[in-house]
Amino acid sequence: MAEIVINQTETTLNQPNTEIVNKQLDALIDKSKLPQNTIESPNTNNSPKDKFIKKPIFKKIIIPLIILIIVLALGSTVLTIIRRSAKTIQNKGELVWWGVTEEDSVVAPLISEFQNKFPDIRITYVRQSEKDYAQRLYNSLKKGGGPDIFEIHTSWTPDFRGLLSTVPSSVLNENDYKSIYLPSIYNSLKTKEGIVGVPLYYDALTLYVNVDIFNNARKETPKTWNDILFLSDPVKGGLTLRNKDEIIQSAIALGNTTNVDHWQDIFTFIMIQNKINPANPDLKSLADVISYYKAFQENGVWNERLPNSTTTFARGKLAMYFGTMSRAPEILRLNPEIRFKTIPLPQLPNNAPTDPQYSYANYYFQAVDKNSTNRDTAWQFLKFITEKESIVRLNKERKAIRALEFPSPRNDMVADFEKDAVSGSIVYFSAVAKTWYMADRADDGEGGINNNVTSLYKAQIDKGKTSKTFADDLKSLLAKYQL
């Protein structure tokens, strides 16, 4: 991610004393037996070269200029060190926490509880706007003035390489982490350097269904992609209702990248199901997936004239909708009267009971600044706020605001959500869920890996075929992030 450089226009450093510098140069010149100050000869035949040599321009202008540049460069480094040192002295025992997904009132009770246990610690939670969040966070961390704790998306880990602290074994060793948190979380957040964070909730792609549409049509909810095709067919009695070219009711929102929310998650999920490596796809297999995906629009199940898929589902005009748990409060705000539930993601038809099943996770997690002077304290707090009792407390506050609880990131709480009408399908596949660098609602700016990978894939889907250079372009892009 490109850093935005801000010019420093203020400095407390003194300018170099040119008189002292000149005297020092005179002494050096004298010792080396070079002429210190040649008086110009009255000889009118002196060449321009002779006159240039005789004028002490190098001594009086060039060297002081070089010294000034060096002093200013050193001054910038010193100022950075002073800022960090001042932060250490003034903020000892104080943690600043930036977040985007949690309201202040959700985390405030647990902050108070932690501070009561540790009176010398003060935690300030700052809710951030999603606009340009990743870039603002990156720049503040690079300058040494960022928050101690911050929230980032799972797809952004390469963006923040070198800035993320790893969980110290004194707080939580790897075996304990693996036993506490869901397998997909452990697999996503474990890097070569160590484990880089913990989430306050778990979220993944799931399939929403409109209960009334299915009941009125007397249809069973789908289990496989073949079921999805059958339910979508506008000719053979599916859930798609049309009036000539107008779609009155759509069975499912698939087929383009313009108004299908979470198309990034859906498309990556389908690739993984078909054993396509998103980082190095076989172009023929990828072309087949693109054709399959776009067929839903070409066959009149969905079109670009409809509102975005979240809004269409909330209005009761969409039978099935792919989204994450985080979309549920938005749907309820748009239509408090809608009746919906979620079901496990459709799988490919199994040839054997042992065939693998798939899911695609999409969530934010809490990380710690590698350069924070309070790293261990920050990790102690994150361990505390993801304890079972803390998750229960967080969900109590979430439900008061969003009318819903969010799935826990912990293994020992899966059973608490398995029968929930919305979150049950999300934890159902939590042991096998994958993540990659392409997800909706994870804007990481112009230089971010998520945005750049998304742009490459979007171009292929929009064209309806793969370009010959796509694999090489993708490989070059990932190499920029050391992947």
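FYI, it's all coordinate maths here, none of it is from the lab. A quick note: this is a predicted structure, and the numbers were derived from the prediction, not measured. Neighbour counts run over all protein chains shown; Cβ positions are idealised from the backbone, glycine included.
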* Return the FRET efficiency for the residue pair Ala279, Val432: r is the Cβ-Cβ distance, R0 is 22 Å, and the value is rounded to the nearest 0.05. => 0.70
* To do: Apply the Karplus parameterisation 6.51 cos²θ - 1.76 cosθ + 1.60, with θ equal to phi minus 60°, to every residue of segment 318-325 and state each ³J(HN,Hα) to the nearest whole Hz, in sequence, with x for glycine and proline.
  => 9, 6, 9, 9, 8, x, 9, 4
* Asked: Quick one: if the Förster radius is 35 Å, what FRET efficiency do Lys399 and Arg136 give, using the C-beta to C-beta distance and rounding to 0.05?
  -> 0.70
* Quickly work out the Tyr186-to-Ala471 label distance, labels modelled 7 Å from Cα along the C-beta direction, and quote it in nm with one decimal. => 3.5
* **Sites matching GluC sites (Glu not before Pro) across segment 290-397 that sit in DSSP coil, with at most 15 neighbouring C-beta atoms within 10 Å** => Glu304, Glu337, Glu387
* Structure fact -> Treating only Lys and Arg (+1) and Asp and Glu (-1) as charged, each at its beta carbon, one finds that segment 333-483 has a dipole about its Cα centre, in Debye to the nearest 20, of 180
* Asked: In a shell of Cβ-Cβ distance under 12 Å around Tyr481, excluding Tyr481 itself, what net charge do Lys and Arg (+1) and Asp and Glu (-1) give?
  -> +1
* Structure fact -> Simple SL model, points at 7 angstrom along Cα→Cβ for Ala217 and Leu334; separation in nm is 1.8
* **In order through segment 292-298: 3J(HN,Hα) via Karplus (6.51 cos²θ - 1.76 cosθ + 1.60), integer Hz, x for Gly, Pro** => 5, 5, 6, 4, 5, 7, 5
* Asked: Which of the trypsin sites (Lys or Arg not before Pro) across segment 211-243 are loop residues per DSSP, with 16 or fewer other Cβ within 10 Å?
  -> Arg218, Lys223, Lys236
* Starting from the amide H of Val96, placed 1.01 Å from N in the peptide plane, find each other amide H under 5 Å away whose residue is 5 or more places distant or on another chain. => Thr124, Asp148, Ile149
